[in-house]
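**Q** I'd like to ask you about the structure that follows.
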Amino acid sequence: MIMQLTQKERMLLQDQLSHEQACITKYGSYAQQTQDPQLRQLFIQHQQHEQQHYNTISQFLQGKLPTMAPGGQSQPQPSPPLVNAVRVPADQTNDFMCHDLLMTEKYVSNTYDTAIFECAHPQLRQALQHIQKEEQQHGEDIFNYMQQHGMYNPQ
Ligand SMILES: [Fe+2]
Ligand SMILES: [Fe+2]
């Protein structure tokens, strides 16, 4: 099935695509830097989700309707080549990476919110809602890790 996106949908999806690319890069780079296997595992898992998000959005941008499994998960797609990892000094701590990722997820979730309100196609709206839920889950995972490790203590 071919979808004709509105100009606004296209513009917003292009933004989301670049946000997903940034998330893929960050999680990949931070997974290499952390010394904590638990955190590395979390980063790798999130990176895989971001890759799925990237693939889903990229399919919509090509006018295709991504195939959704019963659970609403998109089917695995061939991965586009990863861009080079951002350079971060080696002495940056888990604390810095977690704060940065929490801020990133919060921002990305907000931008999905904006995009969802501009969707003319129900299938697109549904897919973006699904992705947004996963971004909020990423935020929750990082939040929980930070709490467990004394990095974040809301009063
Ligand atoms: Fe994502
Ligand atoms: Fe995310």
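**Q** Can you work out ³J(HN,Hα) from phi for every residue in segment 101-106, in order, using Karplus 6.51 cos²θ - 1.76 cosθ + 1.60 and θ = phi - 60°, giving whole Hz and x for Gly and Pro?
**A** Using θ = phi - 60°, the values come out as 5, 5, 4, 5, 5, 5 Hz.
**Q** Next up: Each residue of segment 111-123 in turn: what ³J(HN,Hα) in whole Hz from Karplus with 6.51, -1.76, 1.60 and θ = phi - 60°, glycine and Pro shown as x?
**A** Karplus-based 3J(HN,Hα) across segment 111-123 equals 5, 5, 4, 4, 5, 4, 5, 9, 6, 8, 9, x, 5 Hz.
**Q** Taking all protein chains together and a probe of 1.4 Å, list 138, 149, 130 from the most accessible to the least accessible. All intermediate terms of the calculation are to be shown ahead of the outcome.
**A** Numbers: 138 0, 149 85, 130 50 Å².
Largest to smallest exposure gives the sequence 149, 130, 138.
**Q** In terms of modelled amide H atoms, which long-range or inter-chain residues lie less than 5 Å from the amide H of residue 64?
**A** Residues meeting the criterion, in which the H sits 1.01 Å from N, are 3.
The values are calculated or read from the model by the stated rules, or taken from the named source; none is laboratory data. Just so we're clear, the structure is a prediction, and the values are computed from it rather than from any experiment. Ligands, DNA and RNA are excluded from the accessible area calculation, which covers all protein heavy atoms including side chains. Shrake-Rupley method; radii C 1.70, N 1.55, O 1.52, S 1.80 Å.
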